[in-house]
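Down below is the structure, laid out as structure tokens.
The values are calculated or read from the model by the stated rules, or taken from the named source; none is laboratory data. On a predicted model such as this, the values are computed, not experimentally measured, just so you know. Cβ sites come from the backbone with ideal geometry, for glycine too, and all protein chains shown count toward neighbours. Heavy atoms of the whole protein, side chains included, go into the accessibility calculation; ligands, DNA and RNA do not. Shrake-Rupley method; radii C 1.70, N 1.55, O 1.52, S 1.80 Å.
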Amino acid sequence: MAEGTLAKLARIRGGELSAAENVASALERIQELDRRINSFIELNPNALAEAEAVDRKIKRGERVGKLAGLTIGVKSNINVAGLRATCASRTLQNYVSPYDAEVIKRIRAEDGIIIGMNNMDEFACGSSGETSAFGPTDNPAAPGHIPGGSSSGGAAAIAARLCDLCLGTDTGGSIRNPASHCGIVGLKPTYGLVPRQGLIDLGMSLDQIGPLSADVAGTALLLETIAGRSDNECIMLNVDRVNYSELLREKSLKGMRIGISEKFSELTDPAIMKVIDGQIEKLRDLGAEIVEVDLPNLERGLSAYYLIVSVEFFSGTRKFDGRKYGRRIEDVCGEEVLRRILRGRYISQKEYRGKFYQRALQVRTLVRRELLAAFERVDVIVGPTVPKLPHRLGTKITPMEMYAYDYLTVPANLAGICAGVVNAGRVNGIPVGLQVQGRVLGEPEVLRVMQALEAAG
Amino acid sequence: MNIKIGFEVHQQIATRRKMYCNCPTNYQDVPPNTNVCPICTGMPGAKPLPPNQRAVEAAVEIALMLGCRVYTNQTIYIQRKHYDYPDLPSGYQRTSLPLAGGGSLLGVRIREIHLEEDPGQYDPLGGNVDYNRSGIPLVEIVTEPDMKSPEEARNFLRALVRVLEYTGKVRPEAGGAMRADVNISLEGGGRVEVKNVNSIKGAYRALRYEVIRQREKLKRGLSVERETRAFLESQMVTVPMRVKETEEDYRYIPDPDIFPLILDEGWVEKIRERMAEPPHLRESRLISEYKITRAAAEVIVSERELADLYEAVAREVDPKLVAIWFRTRLKKVLNYMKLRAADIKFTPAQLAGLLRMVRDRQLTPEQGELVLRELAKHPAEPEKIIARLGLFPIKREELLPIIARAIEENQKAVEDYRSGKEEAINFLTGKVLQLTGRRADPREITRLLIEKIGKK
Amino acid sequence: MGERLREIERSAEEIIQTFLKSTENLPEMKETYYSLEAYNVVRPDGEPSPEEERRKFRERFLSIMPRSDEKGNLRVEVATWLKER
């Protein structure tokens, strides 16, 4: 059983393990294993030097940050000054970030060491990890299968223990989907909780940056580092930092109302549901109250999501004209990226706005209303993360079949609520993740349920 | 022939920070791409900061000045207007829905007012882009096509500039702070838009060129198509722009990265209370309140500080006299010294003191003007200036001998006057004036001369 | 190339068709543009950003430009509608 995040942190703080050693062994493992997994696009040449600086602080008895010496992978759509935020695309393959994203500033302030830029689906347009211009990523927990996407590299790196924590992004499930397929922990925070300054857009009203880790403690730790009010952008919740790790000291689920919906069984592979149901029983045993909730319009969310995200992605990619940096996106991008740009361009035309874009925004109202109503009766909603098992790498599937992976994850993005994933078991050796959805700013409850399942696991 | 002219005026608002980032706004003073950051250069992942509050206030104030109704208690989205051009770093421009509308100026209806951001500066001939200007707040003022001639259009623009300057919240007109898209159609022809004219003079010339060009075409039986043209200032002609640069479905969407505005009525009222009185309204009030002529009022309100000075002085001295002085001698002095009213350093009390002396005949008007010039250069109490210039008015006893002397020394002129040449008296008056060191009133001199010459 | 494009366009439309079908009988309702509801979030005008910060950014910005001139201008295409004159 590999070492937990907090245990390792304690060893680094206590001087038992140096940050430099931690970085060196990560680099060694990456060197050894990543050629086959392909979870990193670029490594940080300064990682060792940064780690040594942290070690010096520790030796001098100075205060070090929450993430002291831990190695952190960053998804390639987040700006890290001096490294390439390629978005796994030929459009930005040589784009060296001229600035740090806000979350990177916060990680650095807490002495986390950025070990490198993770592979991903190109411009986050995917749910499999196969569309990167730098080659597909393998699933270390189910070799030969997709790791999921679009935060494919981050999830794979955690699964293979190549680094301690990863930053992913989630627009329609892109943290949760790979967390499920790779058997690890991931969380999409409440929309507006984590600053997006420096995140290269997929869908501006949907994107959130969030943690991927081997354990719930790691997710809580990374979340509290990056979350909370920022003066450096407009769309943010005006909330203080919350110490989620502290709140996780509360372990009991007694009295917690946990929602389940038969809609999930309707949409999901029975083998997956069996594993999920097993976990729900555990929750019952732990003293939680299981309540049925109604989510009659849940599956309508999928197509509405794809219309909205296409319009926003079209808008966000207009800057990739090749003049200031990179190349003109339409000239060099992959199929799915082009598909979304063309779709977005089409439906945002003046004459179609009402029929498509605005109508999709109405469906969003519906999905949101339903979920928020459910939270009047329950504290969290649990269920499967994906409706079907991950396919084998290279399997030819249609775009619609690919989109279908997202049925259960897009509703949380449309509603702006938070949702986390923790491993629930396996089907034919392939990991299955259980999704815990919470209300706006409901991360403490979500994490608590995830922690309980992890402990019971 | 029926002409319809309308404008879309873009005016830079005077703020220290840009609209969506904290970069400085002095784009003309620094090397290219210096006042820039990831936001105003459209770096991947850059998100806007909340909109500049002063810019929003300025736009509302301008709307009120133009007699518009401000759209309160309505959701006003900041939208993305998408088009492809080298000076637009993100491939879209952030532009608000209208904040106000339904105003008018000089009989021209104001259709709407909204907030925008300036793109960068693109030199199309050199192929250079400088983003220093990118992101500076703009207010856009759209008129109905109510103007019927280039002259009327020019007058409107002048009046508009005056209103904008009255707020004290816009960048001075020079150097492209104000740009206009000019629309013109002649009866029987389509609407032609001339884009990005950056001076009142340029707008006037472009319009005159267009009137001629379109009229000629229509006369020859050709049709004037709806199109967009560019104005080449150096050659004073308009030329067609290629369709690709101008065709557009802008695919507007509310910007998901900026919260919308809802303008509160109470807040708008506070702005209305605080703001300067609009110049056209002030002009009317001055005429009725102080009983001065329109000509004088027009000069007085040409600058807000000038009008402020006028009203302060008119409190102390006869407003009609003050008005005459402002229209003639003060304006002359300011023009001569290339001073704006805002640059004046002397106080209303000092000017009032001077005018009182002129009124009481302690000084001749001409002497008063000399003092005024000195006052503008080196502000001081008028009495001190008079002493310094040695401008004590001449006494009658001193004057008579000088008149006698002038008559003696200029017999020819005297003869000329006697034989009917009226101008000769002016010549003589001038001589006396010289001899008195300009310390006498010319009218008085002339009167005495005529008396004396007549006697002989 | 044209074939590929057409195929991508066609497949792009599929989910639009799914959308239309799934919303056929849905009543009209309010649109949700933002996941967070807030208004009038504005920023006071004041002291601009520190020069040092901008100097650092400018260096990096210039270094990733495909083409620039000595003064620091970004070099892009010349306007084609002028070229033709």
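See the values below:
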{"item": "Enumerated helices (runs of 4 or more DSSP H) restricted to the range A:352-443, each holding at least 2 residues that are within 12 Å of chain C (Cβ to nearest Cβ) and surrounded by fewer than 24 Cβ atoms within 10 Å (Cβ to Cβ)", "result": "A:359-374, A:399-403"}
{"item": "Where a residue in the range B:257-268 is more than 9 Å from chain C (Cβ to nearest Cβ) and its partner, wherever it lies, is assigned to a helix (DSSP H, G or I) and surrounded by 13 or more Cβ atoms within 10 Å (Cβ to Cβ), with Cβ under 8 Å and at least six apart", "result": "B:VAL268/B:VAL60; B:VAL268/B:LEU64"}
{"item": "Residue count, the range B:186-244 (criterion: of a type in the set (D, E, K, R), within 24 Å of B:ASN155 (Cβ to Cβ) and assigned to a helix (DSSP H, G or I))", "result": "6"}
{"item": "B:LYS412 within 27 Å of B:LEU363 (Cα to Cα) and surrounded by fewer than 12 Cβ atoms within 10 Å (Cβ to Cβ)", "result": "no"}
{"item": "Meets criteria (open to solvent by 20 Å² or more (accessible area, probe 1.4 Å) and touching a Lys or Arg at 6+ places or on another chain (Cβ under 9 Å)) for B:THR41", "result": "no"}
{"item": "Boolean, C:ARG55 is open to solvent by 100 Å² or more (accessible area, probe 1.4 Å), without any contact (Cβ under 8 Å) to a residue 24 or more places away in the chain, touching a strand residue (DSSP E or B) at 6+ places or on another chain (Cβ under 6 Å) and not aromatic (Phe, Trp, Tyr)", "result": "no"}
{"item": "Top-ranked residue of the range A:192-209 - restricted to ones that are outside any loop (DSSP other than H, G, I, E, B) and out of contact with any helix residue (DSSP H, G or I) (no Cβ under 7 Å at 6 or more places or on another chain), ranked as farthest from A:TYR244 (Cα to Cα)", "result": "A:LEU199"}
{"item": "Filter result (more than 22 Å from A:CYS182 (Cα to Cα), touching a residue at least 40 places away in the same chain (Cβ under 8 Å) and either touching a Lys or Arg at 6+ places or on another chain (Cβ under 8 Å) or surrounded by fewer than 18 Cβ atoms within 10 Å (Cβ to Cβ) (or both)) within the range A:10-42", "result": "A:ARG13, A:GLY15, A:LEU17, A:ASN22"}
{"item": "Filtered residue count, the range A:224-261, keeping only those that are in contact (Cβ under 8 Å) with a residue 24 or more places away in the chain, in a loop (DSSP other than H, G, I, E, B) and more than 14 Å from every other protein chain (Cβ to nearest Cβ)", "result": "12"}
{"item": "Test: residue in the range B:360-371 that is touching a Lys or Arg at 6+ places or on another chain (Cβ under 8 Å), open to solvent by less than 50 Å² (accessible area, probe 1.4 Å), touching a residue at least 40 places away in the same chain (Cβ under 8 Å) and in a loop (DSSP other than H, G, I, E, B)", "result": "yes"}
{"item": "Number of positions in the range C:24-52 that are within 11 Å of chain A (Cβ to nearest Cβ) and in contact with a helix residue (DSSP H, G or I) (Cβ under 8 Å, 6 or more places away or on another chain)", "result": "10"}
{"item": "Output for the range A:311-346, where each listed residue is within 11 Å of chain B (Cβ to nearest Cβ) and more than 30 Å from C:ARG67 (Cβ to Cβ)", "result": "A:VAL311, A:GLU312, A:TYR346"}
{"item": "Among the candidates A:VAL311, A:VAL275, residue that is of a type outside the set (Gly, Ala, Ser) and open to solvent by 10 Å² or more (accessible area, probe 1.4 Å)", "result": "A:VAL275"}
{"item": "Which listed residue, of A:LEU338, A:LEU283, A:LEU298, A:LEU342, is open to solvent by less than 50 Å² (accessible area, probe 1.4 Å) and touching a strand residue (DSSP E or B) at 6+ places or on another chain (Cβ under 6 Å)", "result": "A:LEU283"}
{"item": "Unmet requirement for A:GLN349, which otherwise passes all of (1) over 25 Å from the mean Cα position of the chain (by Cα); (2) more than 9 Å from every other protein chain (Cβ to nearest Cβ); (3) of a type outside the set (Lys, Arg)", "result": "(2)"}
{"item": "Residues (free of Cβ contacts under 8 Å to residues at least 24 places away in the same chain and either closer than 16 Å to B:ILE13 by Cβ or not in a loop (DSSP other than H, G, I, E, B) (or both)) located in the range B:24-56", "result": "B:PRO24, B:ASN26, B:GLN53"}
{"item": "Failed criterion for B:PRO98 (all others in (1) in a loop (DSSP other than H, G, I, E, B); (2) modelled with pLDDT of 95 or more; (3) at negative phi; (4) within 14 Å of chain A (Cβ to nearest Cβ) hold)", "result": "(4)"}
{"item": "Given (1) more than 12 Å from chain B (Cβ to nearest Cβ); (2) under 22 Å from A:TYR99 (Cβ atoms), index of the condition C:LEU74 fails", "result": "(1)"}
{"item": "Qualifying residue in the range C:9-16 (condition: open to solvent by 90 Å² or more (accessible area, probe 1.4 Å), part of a loop (DSSP other than H, G, I, E, B), away from chain B (no Cβ under 12 Å) and at pLDDT below 95)", "result": "no"}
{"item": "Of the criteria (1) touching a Phe, Trp or Tyr at 6+ places or on another chain (Cβ under 9 Å); (2) in contact (Cβ under 8 Å) with a residue 60 or more places away in the chain; (3) within 20 Å of A:TYR403 (Cβ to Cβ), which one A:ASN297 fails", "result": "(1)"}
{"item": "Qualifying positions in the range B:1-43 - of a type in the set (A, V, I, L, M, F, W, C), within 30 Å of B:GLY107 (Cα to Cα) and either more than 22 Å from the chain's Cα centre (by Cα) or within 8 Å of chain C (Cβ to nearest Cβ) (or both)", "result": "B:MET1, B:ILE3"}
{"item": "Residues of the range A:295-310 that turn out to be facing chain C (nearest Cβ under 9 Å) and touching a Lys or Arg at 6+ places or on another chain (Cβ under 7 Å), as a count", "result": "2"}
